[in-house]
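Have a look at the structure below before the remarks.
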Amino acid sequence: MPESREPVTADDIQLAVRLAVSALRKTMNADWSVKAGSLEWDCRETAEHLVDDLFAYAVQLGPSEPPLDGEVPLLWSRRREGGPANSVWPDPAAGVAGLLQVLEASGALLASMVRVTPPGVRSYHVFGVSDPEGFAAMGIVETLVHTHDLALGLGLDWEPPADLCGRVLERLFPDAPADTERWPTLLWATGRGELGGRELRTSWRWFGEPPGAARQRSVTAR
């Protein structure tokens, strides 16, 4: 990881969520029951999963002594077999507008927690015990790539800023090439496309440990 890399910040979370919501607002009257890209979930389920990701990352930083060996014990449930397992669910009666409002709220929660949590705090994630910056980067990756999934399903054009993609790549994907375009590289790193002769990844992970921590660089299934 480059020593001179730019850190991932709470402002980056807000930017990612703001851009995603702005793009998705163009689809208020679209059919959100269609599949989201290559996922097995439909578009609404994918957005609900993203809401829950951001909320869960915020909660993971919340306790005075965050857990290092497991997740904060929320109650997870599925609405159908094969659907996402979430701890929070937007009200379907509120429609797409309500869904996007909850997405904004979850993003704001994560950004706020990243701002107020000391950088030395550590908390559990299955891809490595991480720090506030790591959870910020995780939330951004989830936002960018799931908005990509939604854009494919809903017929949107979607390409986030290269510098934002670059910051999360440097923080979470040390095995990713550094000399390729940043957005296609992030899609490749998360199993969503080929890259300059590199085959599509059928299994992948990120590395949440803070810079300097020992990390195993083998790619395992998500």
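Bear in mind these aren't lab numbers, they're just calculated from the coordinates by the rules spelled out. These figures come from a predicted structure and were not determined experimentally. Neighbour counts run over all protein chains shown; Cβ positions are idealised from the backbone, glycine included.
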- prompt: How much mean residue ellipticity at 222 nm does the chain get from its helices, if each DSSP H run of length 4 or more adds -39500 (n - 2.57) and you divide by all residues, to the nearest 500 deg cm²/dmol?
  reply: -14500 deg cm²/dmol
statement: The ³J(HN,Hα) series, computed from each phi in the range 102-108 with the Karplus coefficients 6.51, -1.76 and 1.60 at θ = phi - 60°, rounded to the nearest Hz and given as x for glycine or proline, is 5, 4, 4, 5, 5, x, 5
task: With θ set to phi - 60°, apply the Karplus curve 6.51 cos²θ - 1.76 cosθ + 1.60 along the range 149-165 and write out the HN-Hα couplings as whole Hz, x wherever there is a Gly or Pro.
output: 4, 5, 4, 4, x, 9, x, 9, 8, 8, 8, x, x, 4, 5, 5, 4
field: Long-range HN-HN contacts of GLY208 with modeled amide H, under 5 Å
entry: GLY128
task: Please work out whether the range 94-146 counts as rounded, prolate or oblate from its C-alpha gyration tensor, where a ≥ b ≥ c are the square roots of the eigenvalues and a/c under 1.5 means rounded, while otherwise a/b larger than b/c means prolate and anything else oblate?
output: prolate
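Can you tell me how the range 106-187 classifies by the Cα gyration tensor, rounded, prolate or oblate, using a/c under 1.5 as the rounded cut?
oblate
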Whole-Hz ³J(HN,Hα) from phi, Karplus 6.51 cos²θ - 1.76 cosθ + 1.60, for the range 5-18, glycine and proline x: 5, 7, x, 8, 10, 4, 4, 5, 4, 4, 5, 4, 5, 4
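How far, in nm, would the chain grow between VAL88 and ALA108 when pulled straight, counting 0.36 nm per residue and subtracting the alpha carbon separation? Intermediate results must be reported in sequence, preceding the final value.
Values: separation 20, 0.36 × 20 = 7.20 nm, distance 1.51 nm.
Result for the pair: 5.7 nm of gain on full extension.
For GLU6 and ALA162 in the same chain, what is the full-extension length gain: residue separation times 0.36 nm, less their Cα-Cα distance, in nm?
Full extension of this stretch gives 54.9 nm more.
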Label point distance in nm, ASP31-TRP76, each placed 7 Å from Cα along Cα→Cβ: 3.1
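Kindly identify the range 25-131 as rounded, prolate or oblate by the Cα gyration tensor criterion: order the square roots of the eigenvalues as a ≥ b ≥ c, call it rounded if a/c is under 1.5, otherwise compare a/b with b/c, prolate if a/b is larger, else oblate.
Here the range 25-131 falls in the prolate category.
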task: Express in whole angstrom the spacing between the alpha-carbon centres of the range 11-26 and the range 90-121.
output: 12
message: Given Cβ point charges of +1 (Lys, Arg) and -1 (Asp, Glu) and nothing else, what value in debye, to the nearest 20, does the dipole of the range 86-222 about its Cα centre take?
response: 460
